[in-house]
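Notes follow the structure.
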Amino acid sequence: MVGPLGEALPFWINRIDYMHGKQIATGRYPHMKPLPMKPSEYLRRNVWVTTSGLPWTEDVMYVRQKMGADRVMYAMDYPHQYEPAEVAEQDALPISGEEKFEFFEGIATRVFDLDLPPATS
């Protein structure tokens, strides 16, 4: 789990893959070997990110696109940054109701193995 939108890692995915490929191609670092997958694929399989303190729609949507919607979940950076208005901003994300449920609750429930009671109407 990595806080504030993955601490910029999703914004560097293309460069991380590019630089790893170039370092392998040049053979400059003998200890660096090819990987079975791109570094970005390891990130997408092993890392989840939270919005924690970075609720801006464009940034959240970009990180969802780069990491996968199932890897990005809501979090408030409480107590460091308590802004109730950011909940409304993220509730207005241009995603379906099902995706919002996953974003706000479903992903965290699975990742943290939470045993929550079923929602009531």
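List of remarks:
- Any hit, segment 4-13, residues being part of a loop (DSSP other than H, G, I, E, B) and surrounded by 16 or more Cβ atoms within 10 Å (Cβ to Cβ): no
- Cβ-Cβ distances below 8 Å connect the following pairs, each with a first residue in segment 71-83 that is among the small types (Gly, Ala, Ser), a second residue that is in a loop (DSSP other than H, G, I, E, B), and a separation of six or more residues or different chains: Ala75/Thr51; Ala75/Ser52.
- Taken over segment 24-36, the criterion of being over 28 Å from Arg64 (Cα atoms), at pLDDT 95 or above and surrounded by 10 or more Cβ atoms within 10 Å (Cβ to Cβ) is satisfied by Ile24 alone.
- Subset of segment 79-108 (residues that are exposed (fewer than 15 other Cβ atoms within 10 Å of the Cβ) and of a type outside the set (A, V, I, L, M, F, W, C)): Pro79, His80, Gln81, Tyr82, Glu83, Pro84, Glu89, Asp91, Pro94, Ser96, Gly97, Glu98
- Filtered by the rule that a residue be of a type in the set (A, V, I, L, M, F, W, C) and part of a loop (DSSP other than H, G, I, E, B), segment 31-71 gives Met32, Leu35, Met37, Val47, Trp48, Leu54, Trp56.
- Within this structure, Ala88 passes the test of being more than 19 Å from Ala8 (Cβ to Cβ) and over 18 Å from the mean Cα position of the chain (by Cα).
- Screening Asp77 with (1) closer than 14 Å to Val2 by Cβ; (2) assigned to a loop (DSSP other than H, G, I, E, B); (3) out of contact with any Gly (no Cβ under 6 Å at 6 or more places or on another chain); (4) of a type in the set (D, E, K, R) gives one miss only, at (3).
The values are calculated or read from the model by the stated rules, or taken from the named source; none is laboratory data. Just so it is clear, the model here is predicted, and its values are computed rather than measured. Glycine gets a Cβ as well: all are built from the backbone with ideal geometry, and neighbour counts include every protein chain shown.
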